[in-house]
1. Among the residues of segment 67-94, how many are of a type in the set (A, V, I, L, M) and in a helix (DSSP H, G or I)?
2. Looking only at residues that are in contact (Cβ under 8 Å) with a residue 12 or more places away in the chain and in a loop (DSSP other than H, G, I, E, B) in segment 104-114, which one is farthest from Val59 (Cα to Cα)?
3. Take His103 and decide whether it is assigned by TED's automatic domain parsing to the domain that holds Arg129 and either loosely packed, with under 14 Cβ neighbours inside 10 Å or within 16 Å of the chain's Cα centre (by Cα) (or both).
4. Would you point out the residue of segment 48-57, among those that are out of contact with any helix residue (DSSP H, G or I) (no Cβ under 7 Å at 6 or more places or on another chain) and not in a strand (DSSP E or B), that is modelled with the highest pLDDT?
5. Out of everything in segment 58-77 that is among the acidic types (Asp, Glu) and out of contact with any Leu (no Cβ under 7 Å at 6 or more places or on another chain), what residue ends up being farthest from Ala88 (Cα to Cα)?
Amino acid sequence: MIPRKRTRRRSGEAVAATSVGTAPGSPGTAAIQEPPRQRVDTAALPRPEGAPVLRVCEVCGNDYDKAFEIVRYGRSHVFDCFECAIHALAPSCSHCGCRILGHGMESAGQMFCCAHCAQARGIAGLKDRS
């Protein structure tokens, strides 16, 4: 028997169904369309007394009792982990596209992760702290 790898998938994605002993993409496979999941407003559901309030992450949609809130420019955002917060709020480097988690560098309205990326875009005079 071939061990199967478990993967997370979003609703509506096609899932390859394989019979035992066949490789994905071979004639023994078929694509199964999963029906889209409906999001449930957990705040409207009845809760037992003392049960934690579940907040919904705005990036991945997880209901989580340890979610946190970040207020940026007067707008509130709810996340279940830093990974989702970074994905939604951290600026991207104008050259390489990576998320800037530190101070970064800014010139002419563009954000850069390092002096090398700024120089590659023709911005001179920026230096990394070393």
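The values are calculated or read from the model by the stated rules, or taken from the named source; none is laboratory data. Keep in mind it's a predicted model, so treat the numbers as computed, not measured. Using ideal geometry, Cβ is built from the backbone for each residue, glycine included, and neighbour counts are taken over all protein chains shown.
1. Number of matching residues: 4.
2. Ala108
3. Taking the combined requirement at face value, the residue satisfies it.
4. Glu49
5. Glu69
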